[in-house]
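Single-structure report; data block below.
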Amino acid sequence: MTGVEAPENSQVLPERPRAAGRQDWTAWPRYNEAGSGYRGYWYPVTWANHVTGEPTSHTICGEKLALIRDAGKVYALHDRCPHRGVPLSEGDQQFPGTVSCPYHGWTFRLTDGKLAAVITDGPDSKICGKLSVQTYSVEERLGLVWVYIPIGNEPVPSIDEQLPRELVENEGVVGGRIQPRGGNWRFACENGFDEGHAKYLHRTALWRLFKPMPTWNITSIVPEGRWIYRVQDEVYWEADFPGVGKWTNKRWWKKKPDESQISQIGNVGAGVKVNPVIAAQNFPGFASLSMPGVLRIAYPNFIHYEFYVPVDEDHHQYVGLMVNFETGVKRLGFYAKYLGAVRWLFHGQFSGQDEWMVRVTDAPPEKLYRPDVSLTTWRNLAEQEYGEKIAAAVAFAPAAPDRPVRERRASAARKTAQPATSTESANGASAPTAADAD
């Protein structure tokens, strides 16, 4: 010790500057909380011809479902037997119109989920009719099985109100792929509608081998009905970047783009004859998005749809459909072309590049740039629409039942209680009888 008191450390550390960019998604609280998806919508689950009399397991919006077909109709039940939690999808059908748990033979009706029989408890089982599992509304459209995931007790809307209008009003031939993928559904949805990624990420895709892509665009996002559209205001096929040089997507082997026109049907659809059904839709832009995460890309000869089906926080299901509206033998030609090449080029390697990016995306935090107006507009749309949907569903929430207040027993009554009988235990608790076992 020197006896000299050390001076106080008065050094003040400089305040760490706040990081530029968006640190979280709290500006969109419902979107921020929708890691497992939005309830109150129809979701495509699987191909219709994959659902048979043997139950199969699926997870949508965190809900575990068992799908089974009976007498030609598809049913969906919550995939958990209330007895011991065994998945009903592991069971089978022992009686028409039912599904049985493989553990003890608890058997549930497909129409309403009611417990109809307990095989290991005999025909007079007292628990029958007292329990049920949740059932879900099911529809078949476009060769797919769709299930409605409810918010609460709201009426189930018609699936035709949610499907793209042109798919309801017109017949078409459908080619598609369903694939489980890693990454949150929101990343997949934002990637699909993202303005900037296609021009750079997909420049190496075999699907674009002979097709040029712009270098950059100036884009507007235009709302129309329940959709938002990407509208190309200006298109630039090459550009000089100060200090680094010229960059272009043009190559000698690629088709030369018509730079005198801006196409709103596909990236390079200018001057190409458009299918009459597609032309009649008068889409403001070739890329559009709607809730609960449905992407639509309009090309001259077909429309491509992507449904980003939430599974949980870290997984989603990719449902990609390519729909052609030709008739007669031309439909067969399109389908043959799809199976022979397009499926592998478009829904394979091309879409696989998106899958790669979605799987490795880690946001927020994020630092957005000008083309990301497509993302922020989508988040605003999702926030507003789901807020309205929640408000509407609340109107159908059942009121809490009025329960009478139980009167407390008088202490005197307890003092005059009868002595324990032979069917009571020494501490006053009733011993189980045969009736109690039910």
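The values are calculated or read from the model by the stated rules, or taken from the named source; none is laboratory data. Model, not experiment: these values are computed from the prediction. All Cβ positions, glycine included, derive from the backbone under ideal geometry; neighbour counts span all protein chains shown.
Might you let me know whether segment 17-27 holds any residue that is at pLDDT 95 or above and not in a loop (DSSP other than H, G, I, E, B)? No - not one qualifying residue is present in segment 17-27. Taking into account only those residues within segment 162-220 that are in contact with a His (Cβ under 7 Å, 6 or more places away or on another chain) and in a helix (DSSP H, G or I), which is nearest to Y335 (Cα to Cα)? Filtering first and then ranking leaves R208.
One line per residue, one yes/no per condition, for (1) at pLDDT below 95; (2) in contact with a Phe, Trp or Tyr (Cβ under 6 Å, 6 or more places away or on another chain); (3) of a type in the set (A, V, I, L, M); (4) on the phi > 0 side of the Ramachandran plot:
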position: W42; (1), (2), (3), (4): no, yes, no, no
position: H50; (1), (2), (3), (4): no, no, no, no
position: L65; (1), (2), (3), (4): no, no, yes, no
position: I68; (1), (2), (3), (4): no, yes, yes, no
position: V74; (1), (2), (3), (4): no, no, yes, no
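Remark: pairs (first residue in segment 82-100, over 12 Å from D70 (Cβ atoms); second residue basic (K, R) and surrounded by 15 or more Cβ atoms within 10 Å (Cβ to Cβ); Cβ separation under 8 Å; 6+ apart in sequence or on different chains) = V86/R80; P87/K64; P87/R80; L88/R80. Against the test of being touching a helix residue (DSSP H, G or I) at 6+ places or on another chain (Cβ under 9 Å), of a type in the set (K, R) and outside the structural domain of P310 (by TED's automatic domain parsing), the options R177, R141 yield a single qualifying residue, R141. Suppose we keep only residues that are in a loop (DSSP other than H, G, I, E, B) and either among the small types (G, A, S) or within 18 Å of W106 (Cβ to Cβ) (or both) within segment 55-80. Which one would you say is farthest from the chain's Cα centre (by Cα)? Per the criteria, the residue is A71. Total residues in segment 46-93 satisfying the condition of being closer than 24 Å to R177 by Cβ, surrounded by fewer than 20 Cβ atoms within 10 Å (Cβ to Cβ) and in contact with an Asp or Glu (Cβ under 8 Å, 6 or more places away or on another chain): the figure is 6. Which of the residues belonging to segment 173-220 are crowded, with 19+ Cβ neighbours inside 10 Å and among the aromatic types (F, W, Y)? Listed by number, the residues that qualify are W185, F187, F193, W216.
With the structure loaded, tell me whether E326 is among the acidic types (D, E) and not in a loop (DSSP other than H, G, I, E, B) or whether it fails that test. No. Conditions: (1) among the small types (G, A, S); (2) buried (at least 19 other Cβ atoms within 10 Å of the Cβ); (3) without any contact (Cβ under 8 Å) to a residue 12 or more places away in the chain. S288 meets all but one. Number of the miss? Of (1) among the small types (G, A, S); (2) buried (at least 19 other Cβ atoms within 10 Å of the Cβ); (3) without any contact (Cβ under 8 Å) to a residue 12 or more places away in the chain, only one is false for S288: (3). Residues of segment 314-358 that are touching a Gly at 6+ places or on another chain (Cβ under 8 Å) and surrounded by fewer than 15 Cβ atoms within 10 Å (Cβ to Cβ): D314, L339.
Could you please tell me which pairs satisfy a Cβ distance under 8 Å, a separation of 6+ or placement on different chains, a first residue in segment 150-163 that is under 15 Å from V138 (Cα atoms) and not assigned by TED's automatic domain parsing to the domain that holds G225, and a second residue that is part of a loop (DSSP other than H, G, I, E, B) and modelled with pLDDT under 95? Close Cβ pairs (under 8 Å, with a partner that is part of a loop (DSSP other than H, G, I, E, B) and modelled with pLDDT under 95) amount to P155/F396.
A Cβ distance below 8 Å, combined with a sequence gap of six or more or placement on separate chains, defines the contacts here; from segment 239-257, residues that are assigned by TED's automatic domain parsing to the domain that holds T204 reach residues that are among the aromatic types (F, W, Y) and in a loop (DSSP other than H, G, I, E, B) in the pairs T248/W237; N249/W237; K250/W237; W253/F210; K254/F210; K255/F210; P257/W237.
If only residues of segment 291-311 that are modelled with pLDDT of 95 or more and part of a loop (DSSP other than H, G, I, E, B) are counted, the one that is farthest from the chain's Cα centre (by Cα) is M291. Residue selection: N282 fails the criterion of being farther than 27 Å from R186 by Cβ, polar (S, T, N, Q) and surrounded by 15 or more Cβ atoms within 10 Å (Cβ to Cβ). Looking at E366, E383, E355, E388, which one is charged (D, E, K, R), in the same structural domain as G175 (by TED's automatic domain parsing), over 22 Å from the mean Cα position of the chain (by Cα) and modelled with pLDDT of 60 or more? Just a single option satisfies the conditions, and that option is E366. For segment 222-236, the condition holds for at least one residue, the condition being that it is at pLDDT 85 or above, within 30 Å of I60 (Cα to Cα), assigned to a strand (DSSP E or B) and among the aromatic types (F, W, Y). Taking every residue in segment 180-208 that is closer than 14 Å to G352 by Cα and at pLDDT 95 or above and pairing it with any residue that is of a type in the set (D, E) and in a helix (DSSP H, G or I), at least 6 positions away or on another chain, the pairs with Cβ-Cβ distances below 7 Å are R181/E355; N191/D354.
Being closer than 22 Å to T98 by Cα, surrounded by fewer than 17 Cβ atoms within 10 Å (Cβ to Cβ) and out of contact with any Asp or Glu (no Cβ under 9 Å at 6 or more places or on another chain) is a condition met by no residue of segment 147-154.
Which of the residues belonging to segment 197-227 are touching a strand residue (DSSP E or B) at 6+ places or on another chain (Cβ under 8 Å) and closer than 14 Å to F350 by Cβ? Residue satisfying the conditions is K199 alone. Checked against (1) more than 19 Å from the chain's Cα centre (by Cα); (2) surrounded by 17 or more Cβ atoms within 10 Å (Cβ to Cβ), L163 passes all but a single condition, namely (1). For S288, indicate whether it is modelled with pLDDT under 95 and either in a strand (DSSP E or B) or within 20 Å of the chain's Cα centre (by Cα) (or both). Taking the combined requirement at face value, the residue does not satisfy it.
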